[in-house]
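The values are calculated or read from the model by the stated rules, or taken from the named source; none is laboratory data. Keep in mind the model is a prediction, meaning the values are calculated, not measured. Every residue, glycine among them, receives a Cβ derived from its backbone with ideal geometry; neighbour counts consider all protein chains shown. Accessible surface is based on the protein model in full, side chains and every heavy atom, while ligands, DNA and RNA are left aside. Shrake-Rupley method; radii C 1.70, N 1.55, O 1.52, S 1.80 Å.
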Number of protein chains: 2
Amino acid sequence: MPEINKNNAHLFDGYTFEQKVKLYEALTDLYSENKRNLFDSLVQNRTRHVCVMVEDIYQSHNASAVLRSCDCFGVQDVHVVEQHNKFCPNSEVAMGSNKWVDVYKYKQTLDAYDTLRKKGYQIIATTPHENDSMIGQLDITKPTCLVFGTELTGLTQEAIDHADGYVKIPMYGFTESFNISVCAALSLFSVTERMRQLNVNWQMTEEEQLTLKLYWSLQVIKDGTNVLRTVKERIGL
Amino acid sequence: MPEINKNNAHLFDGYTFEQKVKLYEALTDLYSENKRNLFDSLVQNRTRHVCVMVEDIYQSHNASAVLRSCDCFGVQDVHVVEQHNKFCPNSEVAMGSNKWVDVYKYKQTLDAYDTLRKKGYQIIATTPHENDSMIGQLDITKPTCLVFGTELTGLTQEAIDHADGYVKIPMYGFTESFNISVCAALSLFSVTERMRQLNVNWQMTEEEQLTLKLYWSLQVIKDGTNVLRTVKERIGL
């Protein structure tokens, strides 16, 4: 089962960098300069050096909170395994963040692992039961995917067995676990704050940034996909 | 309006350290050695150097999540202002954490501020709108109370105007705020992780630890308050 990219970014596949520039210029005419400036600024902080994978989240408010945290910390890619449960963000909790991050869906955990490994990611399972390393000590010089499990049972055995490493959040209390949305937020906070200080290429390439801004443009233009078709025709693409 | 300590810790007021030791020995006979060891271990990580104040939280799952985060990060004291809304933790989300932290209630924000200042705390308001400092840069060599506002409207103007400082969590996305429970967890994580590395007396005093363990004992002994009365009589206190 291949990954399914739900973000329509494939609408920009097959174009050269120059053609994308032309397309972006044409699209930015259709919304405010404020928005364009916002896109230009936020895209600088976007990363694919760190990404997130979630296994079978079933509570929509948790799914939404994970997307919101990814957006807040500039993490662009969220990989979602829907083996037993549909990933259904609740728009009130997500506060629109599902429009700005890329969600990739899979039916099987190992398909997701396989895809991510081919892209060069180390796969790090987050679980309070493993004792490998504290989140603050995780080596993030390599591209890193953090994997979070479902609400009640945590990660599947499969997800744990096939991970490259394990992290946990330091805890000092009677309560020995965090809610999945809090766990994701804490992990992303810790990892992305350190990442931004590291001497690694955590930013997206110029072309990735441009493609993302094209995609974001579609989110703010009413009936974006149809408008895109018209614009492509007009500028001869 | 004076603070109301809901934790019955006053049951141990007026006893000398030695008397408390005697009481603790008598109480520990009534539960397992495992629990005693757990108390002895967890109390070492408990702190009053950092505490939390929440203003008028109205969603019980948020109230509960704040308590749970405090317990997880070893923060003992939670100060709750109930000007318009009752603080009602939801026990499923709190996972019992309300048994282990101390909750103090107030009717007015400024009463809480006044009480906390007299105890030597700097009062730091958390708000995404102020630009004073990032949470990671906050000076926590002084005892510090982090103040969190209500879900929809954030902190009251009064709470902001009378704070000693402001912090925010670094955010890089379109979504410009976190849910109160995520915000509290991120702030406490950042602050307590740094605190534990600092050369300050962040641990409780030996007597505070003992009193806390007495209080915790009451949580694991069935009908604890009545048992305590009997035990006191038996050992002549």
For A:Thr175, are the conditions met, namely being in contact with a Lys or Arg (Cβ under 6 Å, 6 or more places away or on another chain) and within 11 Å of chain B (Cβ to nearest Cβ)? yes
Take segment A:158-201 and flag every residue that is touching a helix residue (DSSP H, G or I) at 6+ places or on another chain (Cβ under 6 Å), without any contact (Cβ under 8 Å) to a residue 24 or more places away in the chain and surrounded by fewer than 17 Cβ atoms within 10 Å (Cβ to Cβ). none
If you go through A:Val167, A:Val227, A:Val200, A:Val231, the only one that is more than 12 Å from chain B (Cβ to nearest Cβ), farther than 24 Å from A:Lys107 by Cα, assigned to a strand (DSSP E or B) and not polar (S, T, N, Q) is A:Val167
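Evaluate segment A:90-110: report whether one residue or more is assigned to a helix (DSSP H, G or I), more than 14 Å from chain B (Cβ to nearest Cβ) and open to solvent by 40 Å² or more (accessible area, probe 1.4 Å). Give the steps one after another, and end with the answer.
Residues of segment A:90-110 assigned to a helix (DSSP H, G or I): A:91-94, A:97-99, A:109-110.
Right, trim to more than 14 Å from chain B (Cβ to nearest Cβ) and you get A:109-110.
With open to solvent by 40 Å² or more (accessible area, probe 1.4 Å) added as a condition, the list becomes A:110.
Looking for residues that are assigned to a helix (DSSP H, G or I), more than 14 Å from chain B (Cβ to nearest Cβ) and open to solvent by 40 Å² or more (accessible area, probe 1.4 Å), one finds at least one in segment A:90-110, hence yes.
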Might you check whether a residue that is away from chain B (no Cβ under 14 Å) and more than 25 Å from A:Leu198 (Cβ to Cβ) occurs anywhere in segment A:39-55? yes
Look through segment A:120-137, keep the residues that are modelled with pLDDT of 95 or more and in a loop (DSSP other than H, G, I, E, B), and return whichever of them is farthest from A:His162 (Cα to Cα). A:Gly120
Can you tell me how many residues in segment B:43-63 are open to solvent by 40 Å² or more (accessible area, probe 1.4 Å) and polar (S, T, N, Q)? 4
Any residue that is under 22 Å from B:Phe189 (Cα atoms) and touching a strand residue (DSSP E or B) at 6+ places or on another chain (Cβ under 7 Å) - is there at least one of those in segment B:84-91? no
Being farther than 22 Å from A:Val191 by Cβ, more than 11 Å from every other protein chain (Cβ to nearest Cβ), of a type in the set (Ser, Thr, Tyr) and in contact with a Cys (Cβ under 9 Å, 6 or more places away or on another chain): is that true of B:Thr153 here? no
Just checking, how many residues over segment B:213-224 are crowded, with 19+ Cβ neighbours inside 10 Å and either among the acidic types (Asp, Glu) or within 12 Å of chain A (Cβ to nearest Cβ) (or both)? 1
